[in-house]
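Structure first, then comments.
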Amino acid sequence: MKIKQRSDCPISSALDVIGDKWSLLIVRDIMMNGKNTYNEFLKSNEKIATNVLADRLSMLEKSDIITKEEHPESKAKIYYKLTKKGISLLPVLIELILWADEYLPVSSAAITYGYALKKDKEKITRQMMRTLLKHISDK
């Protein structure tokens, strides 16, 4: 899907796809919290509204960040997975974690994770990337 771009600036163009309040949180939930269904996303601490969630899932799918498929355990559910393009956002999320850990109040669990990332960011990123790429669902 071609997203309407405000300009040809790479930062502006990226924000046109993932710069809203919710899209990266959905990616985070799939990538780092093992959430894959609509109801699991609704249970996240940030309390996304159902209409906003439906809109963001649709936009992320049209942008080829996520894909949806039949849930392996229930035909009544949809299972959302990251595409290779979505997985490539991992370094962005890691840098946001490190930035927030440095400059914002975060939970003690986030501080612990941030400390581990600071200690060996490249190794952790490679391990996470390998794990995520084993489960991709590119069409």
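The values are calculated or read from the model by the stated rules, or taken from the named source; none is laboratory data. Quantities reported herein were computed from a predicted structural model and do not represent experimental measurements. Cβ placement follows ideal geometry from the backbone for every residue including glycine, while neighbour counts extend to all protein chains displayed.
Test each condition in (1) closer than 17 Å to M31 by Cα; (2) at pLDDT below 95 for K139 and report the one that comes out false.
Just one mismatch for K139, condition (1).
Just to be sure I understand, how many residues within the stretch 22-67 are acidic (D, E) and in contact (Cβ under 8 Å) with a residue 60 or more places away in the chain? Don't jump to the end; show me each part of the working.
Within the stretch 22-67, the first condition is being acidic (D, E), and the residues that meet it are 29, 40, 46, 55, 61, 64.
Cutting the leftovers down to in contact (Cβ under 8 Å) with a residue 60 or more places away in the chain gives us 64.
Qualifying residue count, the stretch 22-67: 1.
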